[in-house]
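Visitor: Okay, here's the structure, questions in a sec.
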């Protein structure tokens, strides 16, 4: 295995460990940031990473005081928006998660 592949695997492993240790409100922000990065790749007028980080920090501060129930509603809303976009693009199937 090439050393670059090993370095990439270690980076992914570290990212997963770090994300797994985040509080719930920050996990929501991570999901939103990943979605923003995916959108950024598909658009010619991309946001720069610093703008995404600033937006994530602002969003985290807004959600830090939310009750768990409200946070989960927000999380579900975000996931539904991402899923709807994926269905629209043809990268997800509408009935794919039924039964989960």
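Visitor: Of all the residues that make up the stretch 30-80, how many are loosely packed, with under 15 Cβ neighbours inside 10 Å, within 24 Å of residue 17 (Cα to Cα) and over 13 Å from the mean Cα position of the chain (by Cα)?
Guide: Residues in the stretch 30-80 being loosely packed, with under 15 Cβ neighbours inside 10 Å, within 24 Å of residue 17 (Cα to Cα) and over 13 Å from the mean Cα position of the chain (by Cα): 9 in total.
Visitor: Here's a follow-up. For the stretch 33-62: of the residues being touching a helix residue (DSSP H, G or I) at 6+ places or on another chain (Cβ under 6 Å) and within 21 Å of residue 85 (Cβ to Cβ), which is modelled with the lowest pLDDT?
Guide: 46
Visitor: When the stretch 67-100 is examined, which residues are found to be assigned to a loop (DSSP other than H, G, I, E, B) and modelled with pLDDT of 85 or more?
Guide: Scanning the stretch 67-100 gives a single hit, 67.
The values are calculated or read from the model by the stated rules, or taken from the named source; none is laboratory data. None of these values were measured; they are calculated from a predicted model. All Cβ positions, glycine included, derive from the backbone under ideal geometry; neighbour counts span all protein chains shown.
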